[in-house]
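Please read the structure below before turning to the comments.
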Amino acid sequence: EKGGYASFMLKEIADQPQAVADTLLGRIDGEGSLSLDEVRIPDAELREVDKVVIVACGTAFHAGMIAKYAIEHWTRLPCETELASEFRYRDPILDQRTLVIAISQSGETMDTLMALRHAREQGAKVLAICNTNGSTIPRESDAVLYTHAGPEVAVASTKAFLTQLVACYLVALYLGQLRGTKWGDEIRTVVRQLSAISGEVDRVLETMEPVRELARSLAHHDTVLFLGRHVGYPVALEGALKLKELAYMHAEGFAAGELKHGPIALIEEGLPVVVIVPSPRGRSVLHDKIVSNIQEIRARGARTIVVAEEGDEAVVPYADHLITVPATPTLLQPLVATVPLQVFACELATARGNEVDQPRNLAKSVTVE
Ligand code: M6R
């Protein structure tokens, strides 16, 4: 069942290129246009949408955070991403023109289900992004876009996350295409790049041995911090969540710009800090800012573990450990940058003697609020 792998998690990490390809299959035509006919909300209604709200928990919430950047950029619609467990308790403002996207691997997460019920009661339309056919969340939604990750057995979500990202990009690009924003050309280019991305995920997987070695060398540490900016920030949160649930380590993700507002006080000699660096070819301001953040923490003794695009020479002098990922458009980088963090957490957990598929205190689907 594990296909020769030591754990389901390792198998599911390795399954990711296929899962990503399967989730794109049939949704992009030869001309680089998207068709999401299965989403049974008529285009006319989608054109009326004036606000998007995403609700999800855990890893799916991190996918939703990334989706916010993509949706706002490509559609120019305001988008909020909220923890499903907080959503209905703050009396959110929703109406017929609000599109609520509920993201859930299992389709059974009670917090997410209660949030979507609340949204529908207020008249909002709900689109589920889900990996489990016929589960409760898609059944109670107006429409569903399935991720085709196949069954995910390990408690820690890996391939479901990557396919949730793909589905979110598809929705963002589709809404952009439909609304005809000024990003039309960019949208067509990104659609083409997205259709090639599973090959890039595969390339990342081929270069993971040094990441495993690094993870083993850090097994005795108590704390690992993760920093990112823009879409690298949710990637940092996801890297930290993986490490918490699998390695039972104190791991925290921060927006790198927040460092000087507090977290930098945590930096001490030898503290491992993973930094997700955006492409130097994309928004160079972002890239330059994070390079200074790396310098700041290194000057205070941090052991820097830098995840950066291949050929990014600017980070080399400040990286104690460099993990390179293939070049992608800025918004798509999480699809490649998350993979080393999954491998890192899985290997650290194993080195610490933990059971990776069944971490303590956790269940695969959380059906209580
Ligand atoms: O099935 P769901 O996607 O709704 O589950 C949401 C979270 O419970 C889930 O992502 C959890 O955080 C994972 N264990 C993360 O690896």
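The values are calculated or read from the model by the stated rules, or taken from the named source; none is laboratory data. In this text, all values refer to a predicted model and were calculated from it rather than measured experimentally. Glycine also receives a Cβ, built like all others from the backbone with ideal geometry; neighbour counts cover every protein chain displayed. Only protein heavy atoms, including side chains, enter the accessible area calculation; ligands, DNA and RNA are left aside. Shrake-Rupley method; radii C 1.70, N 1.55, O 1.52, S 1.80 Å.
The overall shape of the chain is prolate: from the C-alpha gyration tensor, with semi-axes ordered a ≥ b ≥ c, the ratio a/c is 1.5 or greater and a/b exceeds b/c. Remark: spin-label model distance GLU140-GLU213 equals 5.0 nm, labels positioned 7 Å along the Cα→Cβ axis. Taking the centroid of alpha carbons for each part, the range 180-219 and the range 43-88 are 22 Å apart. For the pair TYR89 and GLU268 in one chain, pulling the backbone fully straight at 0.36 nm per residue adds 60.6 nm over the alpha carbon distance. Judged by the gyration tensor of its Cα atoms, with axes a ≥ b ≥ c, the range 115-183 is oblate; a/c meets the 1.5 cut and b/c is at least as large as a/b. Extending 7 Å from Cα along the Cβ direction at GLU296 and again at ASP222 yields two label points whose distance is 2.5 nm. Put VAL274, VAL153 in order of accessible area, highest first, and with a 1.4 Å probe you get VAL153, VAL274. Where does the charge balance sit around SER279 when Lys and Arg score +1, Asp and Glu -1, over other residues with C-beta under 15 Å from its C-beta? Residues close to SER279 contribute a combined charge of -3.
Taking the Cβ of LEU36 as the center, what net charge do the other residues with Cβ under 12 Å away carry, scoring Lys and Arg +1 and Asp and Glu -1? Don't jump to the answer; show the numbers that get you there.
Details: positive: ARG27, ARG40; negative: ASP29, ASP37, GLU38, ASP43.
That works out to -2.
Pairs spanning more than 29 Å between alpha-carbon atoms, out of LYS11/LYS244; LYS68/LYS242; LYS125/LYS289; LYS51/LYS242; LYS159/LYS244; LYS2/LYS242: LYS125/LYS289; LYS51/LYS242. Taking a Cβ cut-off of under 12 Å around VAL343, the surrounding Lys, Arg, Asp and Glu residues balance to a net charge of -2, with basic ones at +1 and acidic ones at -1. A simple spin-label model places the labels of ARG188 and GLU38 2.6 nm from each other, with each point 7 Å out along Cα-to-Cβ. When only the Cβ of Lys, Arg, Asp and Glu is charged (+1, +1, -1, -1), the dipole of the chain relative to its Cα centre reaches about 380 debye.
The gain in end-to-end length when the LYS289 to TYR248 segment is fully stretched comes to 11.7 nm, 0.36 nm per residue minus the alpha carbon separation. Dipole orientation for the chain: of the candidates VAL306, THR350, TYR146, VAL306 has the Cα lying most toward the positive pole (charges on Cβ; Lys, Arg +1; Asp, Glu -1).
Which of the three applies to the range 12-147, rounded, prolate or oblate, going by the alpha-carbon gyration tensor with a ≥ b ≥ c and a/c under 1.5 meaning rounded? Judged from the Cα gyration tensor, the range 12-147 comes out oblate (a/c at least 1.5, b/c at or above a/b). In the chain, the DSSP-assigned H stretches of four residues or longer account for a calculated mean residue ellipticity at 222 nm of -13500 deg cm²/dmol, using -39500 (n - 2.57) per stretch and the full residue count as denominator. Size descriptors for the range 167-280, from the alpha-carbon set: Rg then Dmax equal 17.8, 53 Å.
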